[in-house]
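Heads up, the thing below is written out as structure tokens.
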Amino acid sequence: MKRYLIVIEPTNASFSAYSPDLPGCVSTGRTHEEVEQNMREAISFHLDGLREEGQVVPEPQTYSAYVELPA
């Protein structure tokens with residue numbers, strides 16, 4: 001199983017998400033939970049399309065970290 005990082009950002013009316021390892025793979029949702037589920041589906045669809053076209057499926061490479069600074 002591969003784990004792809006997704007970045008979730010709030011918009012004025014909902015949430016949007018993308019995966020830095022999969023350019024062009026994006027989704028939206030009304031709630032945080034919905035956008036996560038939509039991204040699971042979008043990533044699966046994206047990877048299936050890459051395989052069908054005989055393209056290389058990118059390995060996950062990005063990660064996240066928080067940096068703490070004094071207030």
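Read-outs throughout are calculated quantities, based only on the coordinates presented, and are distinct from any laboratory measurement. It should be emphasised that the depicted structure is a prediction, and the values quoted were computed from it without experimental measurement. When we count neighbours, we look across all protein chains shown, and the Cβ atoms used for this are built from the backbone with ideal geometry, even at glycine.
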Among what's in the range 14-41 and is part of a helix (DSSP H, G or I) and without any contact (Cβ under 8 Å) to a residue 24 or more places away in the chain, pick the residue that is nearest to Tyr4 (Cα to Cα). Arg40
For Phe45, all conditions in the list (1) among the hydrophobic types (A, V, I, L, M, F, W, C); (2) buried (at least 17 other Cβ atoms within 10 Å of the Cβ); (3) in a helix (DSSP H, G or I) hold save one; what is the number of the exception? (2)
Just need a number here: residues in the range 8-42 that are surrounded by fewer than 13 Cβ atoms within 10 Å (Cβ to Cβ) and β-branched (Val, Ile, Thr). 2
